[in-house]
Amino acid sequence: MILMVSKDKKGRVMSTRAVNNTMHQASAGTALSEHEYALLKPVMEWGRGTYLVLAICSTVGIFGLYAYATQLREGLVVTGMRDQVSWGLYITNFVFFIGISHVGALLSSILRLTGAKWRYPITRMAEAITFAALLFGALMPLLDLGRPERIANLISHGRLQSPILWDILSITTYLVGSSIFLYLPLIPDLALMRDKLVNVPGWRRWLYRVLAMGWKARPEQHERLEHSMNTMAVLILPIAIMVHTVVSWIFAMTLRPGWNSTIFGPYFVAGALASGAASVVLAMAVFRRMYHLETYITPLHFRNMAALVLVLDLVYLYFNLAEYATAAYKMELGERALLMELFTGRLAPVFWFTQVVGLIVPAILLMLPSIGMLARARTVPWLRPIPLGAGGAVLAVAALGASRFLPAQNSNIATYLLWAGIAGAGLFALSLLPRLQARPVACAVIASGLIVLQAWLKRYIIVVPVLQHPYLSSHEPALGIGLYQPTWVEWGITAGAMAGFVMVYFLFSRLFPIVSVWETEQRESIQEIPVPVRHAHTPAAASPEV
Amino acid sequence: MHLVPPGQEWIKIYNLEHSSATSAYFFPRPCMQCDNPPCVNVCPVGASYKRSDGIVLIDQELCIGCRFCMAACPYSARYFNWGEPPHTELELSQPYSVETNIPHRRGVVEKCVFCPALTRQGQIPACGAACPQGAIYFGDEHEDAVTNSLGETYRLSEMLDSGAAHRHLEELGTEPRVWYLPPRTLSANDSDGFQG
C-alpha cells in the first residue's frame with residue numbers, strides 16, 4: 001500500500017530482481033511493497049510452469065471425464081463393483097476427500113479461537129484445501145450412482161431418516177460455510193489486487209473488483225470483518241465434526257460386521273483431522289519451494305504443524321487400537337473372516353502398511369527432531385548409515401531373492417529370510433534416523449506424505465473388505481465374484497478427481513495470494529513469535545533446511 | 001416367472017453345515033421381508049418401502065442406484081443391474097409393475113418380491129410352487145395357515161412352536177418374516193439344545 005522501492009518496511013534491502021519488478025509495477029501506475037510483491041508474484045506472473053501444470057492436470061482430468069462418459073454409456077458394469085462388493089473406489093475417494101477437507105476447520109477455527117498467531121501464513125492454504133477437497137469429495141457419491149439423472153429425487157423424495165440425507169445436508173452446509181470462511185479473510189487482499197494489479201487480464205480485474213465488494217479498509221469494515229470471522233470460526237467447528245461423523249455413519253448405521261461399530265464417528269473424525277493436517281504440511285512444503293515463501297513459511301511453522309500432526313496421528317493410532325483390538329480379542333464369528341483377512345490374509349500388507357508405515361513410522365519421524373539421544377548416536381562410527389545401510393540393503397535383497405527363487409517346500413527358509421530382510425531394512429531405516437534428525441522439515445514432510453497415503457489406503461480397507469465378508473454372500477465366493485478388482489474406469493475417474501483437486505487448488509494459488517497479504521503484513525517478523533513447543537537439543541530450529 | 005436377469009439369485013440356495021462333524025444341508029434364502037427392514041430404513045428416496053401386508057418392495061422408477069440398501073441388508077438379498085439387463089419380448093411386453101420388477105432396467109436394485117401378483121390370486125409364490133419336495137411353505141400369518149406345493153397345509157403357530165423354528169440372524173433385530181425348520185432327521189425331540 002505504500003510506495004517503497006529500495007527498502008521494505010523492515011528496512012531490508014531488496015533483491016535486485018525484486019527492485020526491478022517493483023519498478024516495473026510502479027511504472028504502470030501502482031506500487032507494491034516487497035512484502036506485497038513477494039506474495040502476489042505467483043498471481044501476477046504466470047510462467048510457462050503454470051501452464052504446464054494446468055495442461056497436465058486438465059489432461060488427466062479429461063481422461064477422468066472420458067472414463068465417466070464410458071460409465072454413463074455402459075452403466076456401472078464397467079466398474080469392478082458387483083453385488084457383493086457394491087461400493088469401491090468412489091466411496092473410498094469420497095471418505096478420503098471429506099477427511100482431507102477437515103484441515104480448514106482445524107487450522108482456521110481452532111488456531112484462531114486459541115489465538116495462535118503463527119497460523120497467519122498457512123490458514124489460507126488450509127482453507128483452500130478444504131474448499132477443493134469438498135468439491136471433489138461431494139462429487140464422488142454422485143459418480144457412484146446407478147441413476148445419476150434421478151439426482152433430484154434426493155430433494156423431491158428425500159427421506160430425513162436416511163444417513164445419505166444427513167450427508168447431503170452437512171456437506172452442503174460445510175461447503176457453504178468453509179467457502180465463506182475462505183472468502184472473508186480474502187476480501188482485503190482482493191481489494192489490494194483490485195487497486196494494484198493493473199497488468200492482469202481484464203476478466204481477472206473484473207473478478208477482483210466484484211469480489212472485493214467495495215472494501216476500503218475503513219475501521220468499521222475491519223471491525224465487521226473480524227466479527228464475521230470470529231462467528232464463522234465458532235460455527236464451522238461443530239459442522240466440520242458432524243460432517244465426518246455422518247460420513248462414518250453411512251457405514252456404522254448398517255449391521256455389517258466391521259462397520260457395526262459405535263466408535264466410527266470419533267474414529268473417522270480423528271483420521272480426518274490427521275490426514276487433513278498432514279496434507280497442509282505437504283502444501284506448505286510445495287508452496288514454499290514453488291513460490292519462494294521461505295520468509296513466510298519458516299521451520300517454525302513446520303515444527304508447530306509437526307507437533308499438531310503428531311498429536312493427531314497418535315490419537316488416530318489410538319482409535320485404530322480401540323477399533324481393532326477389541327474386535328480381535330473376541331474374534332466374534334461374524335468379524336473373524338474379515339479380521340483374519342486384514343491381519344494375516346490377502347490384505348495384510350495393506351493393513352500393516354497403514355498401521356506401521358502409515359501411523360507409527362510418521363510418529364517416530366515427527367518426534368525425531370526432539371530426541372536428544374540420537375544426536376549423540378551420530379558420533380558413533382559404526383552407527384553411521386553407510387555400513388549399516390549397506391548391510392540392511394544386502395539382507396533385504398537376499399531375502400527378496402530367496403523368497404522368489406526358493407522352491408515351495410523350502411518356504412520355511414524363505415520365511416526366515418524374508419524376516420531377516422525386513423529386519424535388515426529396519427536397521428537401514430534406523431541408521432538413517434540421525435541423518436533425518438538434522439532435517440526436521442524433511443521429517444515433517446515425509447511423515448505427512450506417509451499419513452496422507454495411509455489415509456487413502458485406510459479408507460479402502462474400511463470400505464472394501466467389509467463388503468467382501470458379509471454374513472451371507474450374494475454369489476458363490478468360489479467363483480471369485482466376491483472379490484473386488486477396480487477397473488481402468490474407476491482408476492481413471494480417481495486420477496481425474498485427484499488431478500481436478502490439484503488443479504483447483506493450484507489455480508486458486510495463481511488467482512489469489514496463497515499466503516494472506518494483509519494478515520502477515522503487520523507482523524514484525526514471524527520468527528520472533530514465541531514458540532509454543534518445547535524443543536530439546538535441536539540445532540535445526542533456526543536452519544531452514546528441507 | 002420373474003424373468004430374473006442372469007447373475008441375480010432372488011432366492012439363493014446355500015449349502016451350509018453346522019460343523020465339520022455334521023452333514024451339509026441346503027439353506028434357501030429369499031428376501032426375508034423384515035419387519036424392521038434395514039434396507040428401507042436407509043433408503044434416501046423411499047424407493048424401498050414396506051407394504052402393510054408385510055412385503056418389502058422397491059420402486060424401480062424412484063431408485064437412484066446408490067446401493068446403500070445393499071450395504072445395509074445383512075442377508076445380501078439385493079441385486080443391482082450393473083449394466084443393461086438382456087431383455088426378452090415377453091418381458092418387454094408387460095407394463096412396469098413394482099410387484100414384479102419387470103421390465104428389468106439398468107442402474108436400479110431388485111430382489112425377491114414374495115410374488116404379490118400370484119398370492120393375490122390365491123397361489124403360493126413361484127419358488128414354493130416350484131419346489132418338488134414341498135419344502136417351502138407360504139401363508140398369511142393372521143390366517144395362521146401355511147401351504148406348500150404338495151397342497152399340505154399346516155397351522156403356522158403349531159409349526160413354529162413344535163419345530164424349533166428359527167429366523168436367520170434374528171439376533172440382529174431385523175424381525176425377518178421367513179422361518180426355518182430344522183431338517184426332519186434332526187427333529188426337535190432328538191436334539192436337547194433345540195427345545196422350542
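General remarks:
- Spin-label pair A:THR59/A:ALA325, simplified geometry with 7 Å Cα→Cβ offset, distance in nm: 4.9
- Accessible-area loss of 50 Å² or more (1.4 Å probe, protein heavy atoms, chain alone versus all protein chains) is found in segment B:55-78 for B:LEU62, B:ILE64, B:ARG67, B:PHE68, B:ALA71, B:SER76.
- Residues of segment A:70-84 buried by at least 10 Å² on assembly (accessible area, 1.4 Å probe, chain alone as reference): A:LEU72, A:ARG73, A:GLU74, A:GLY75, A:LEU76, A:VAL77, A:MET81, A:ARG82, A:ASP83
- Whether segment A:32-541 is rounded, prolate or oblate, judged on the alpha carbon gyration tensor where a/c under 1.5 counts as rounded: oblate
- Computed FRET value (nearest 0.05) for A:ALA423 with B:SER23, which takes r as the C-beta separation and R₀ as 51 Å: 0.60
- Interface A:B - total buried accessible surface [probe 1.4 Å, Å², rounded to 100]: 3300
- Additional length obtainable on full extension of the chain from A:LEU333 to A:LEU483, 0.36 nm per residue less Cα span: 52.0 nm
- Listing of segment A:131-153 residues, each with accessible area lower by at least 10 Å² in the full protein assembly than in the chain alone (probe 1.4 Å): A:ASP144, A:LEU145, A:GLY146, A:ARG147, A:ARG150, A:ASN153
- Mean sequence separation of contacting Cα pairs (under 8 Å, at least six apart), scaled by the length of segment A:163-224, corresponds to a relative contact order of 31 percent.
- Cα gyration tensor shape for segment A:135-181, rounded if a/c is under 1.5, else prolate or oblate: oblate
- Rounded to two decimals, the Cα-based Rg/Rh of segment B:12-189, with Kirkwood Rh, is 0.98.
- Between the C-alpha center of segment B:72-111 and that of segment B:148-183 there is a gap of 28 Å.
- Estimated from the Cβ-Cβ distance and a Förster radius of 22 angstrom, the FRET efficiency linking B:ASP144 and B:ARG51 is about 0.65.
- With protein chains left intact and a 1.4 Å probe, residues in the protein assembly as shown average 45 Å² of accessible area per residue.
- Per atom type, chain B shows carbon and sulfur on 53% of its accessible surface, probed at 1.4 Å.
- Listed peptides A:392-398, A:292-298, A:209-215, A:437-443 appear in the order A:437-443, A:292-298, A:392-398, A:209-215 once ranked by packing, highest mean of other Cβ atoms within 10 Å at the front.
- Most to least packed among A:334-341, A:105-112, B:152-159 [average Cβ atoms within 10 Å]: A:105-112, A:334-341, B:152-159
- In segment A:32-541, the portion of solvent-accessible area held by carbon and sulfur atoms comes to 70 percent [1.4 Å probe, whole percent, DNA, RNA and ligands not counted].
- Per-residue shielding of B:45-52, expressed as the average number of other chain Cβ atoms within 10 Å of the residue Cβ, stands at 3.
- Using a Förster distance of 51 Å, the FRET efficiency for A:ALA398-B:GLU152 (Cβ separation, nearest 0.05): 0.10
- Estimated inter-spin distance, A:TYR183 and A:LEU472, nm [label 7 Å along Cα→Cβ]: 5.2
- Residues of segment A:76-108 with amide N under 20 Å of a point placed 7 Å along Cα→Cβ from A:THR173: A:95, A:98-108
The values are calculated or read from the model by the stated rules, or taken from the named source; none is laboratory data. Since the structure is predicted, the reported quantities are computational estimates derived from the model, not experimental observations. Cβ: placed from backbone, ideal geometry, glycine included. Neighbour counts: every protein chain shown. Remember, those area values only see protein heavy atoms, side chains included, never the ligands or the DNA or RNA. Shrake-Rupley method; radii C 1.70, N 1.55, O 1.52, S 1.80 Å.
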